[in-house]
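Scroll down for the structure; my scribbles are underneath it.
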Amino acid sequence: MLTTTLFVLFLVICPQLQTNAQNATLENALQNSQNAVQAVKLALEENLPANADARESANDILATLELGLKSCDENFKKDLQIVTYNKCVASNKGMAMASLGELAGQQWAKSGASRPGLFW
């Protein structure tokens with residue numbers, strides 16, 4: 001009787017514990033995409049001038065990043081492959097940061113200080 005009771009409790013409780021653990025892991029993993037968005041937003045605010053053209057381009061970068069991360073999140077929820085998800089998030093964040101670097105370079109290139117002949 002005791003063995004049967006323990007077996008039944010094991011069958012009832014363990015799947016619930018596993019489900020709770022998976023949900024916590026899933027939520028922790030999905031936080032990576034939010035962290036990536038926050039890091040890119042901070043970098044955009046720090047590295048771009050406050051003019052309208054730069055801000056419009058920054059909004060485009062953020063929209064593209066969020067779209068890519070949404071795809072990462074959806075795929076992760078389907079297949080639960082954490083390594084693939086982390087690579088997807090890192091790749092999207094890297095592309096956003098590269099776009100930021102390119103945009104910041106363009107903004108800098110418009111200033112007179114970037115012209116080589118200016119100081120000669």
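Where a number appears in this text, it was derived from the coordinates with a stated rule and is not lab data. No experiment lies behind these values; they were computed from the predicted model shown. No Cβ is skipped: glycine too gets one built from the backbone with ideal geometry, and neighbour counts run over all protein chains shown.
How would you rank 38-48, 91-101, highest first, on the average number of other Cβ atoms within 10 Å across their residues?
Values: 38-48: 15.1, 91-101: 16.9.
The peptides rank, most packed first, as 91-101, 38-48.
In terms of its Cα atoms, the stretch 33-97 spans 42, 15, 15 Å along the principal axes, sorted from long to short.
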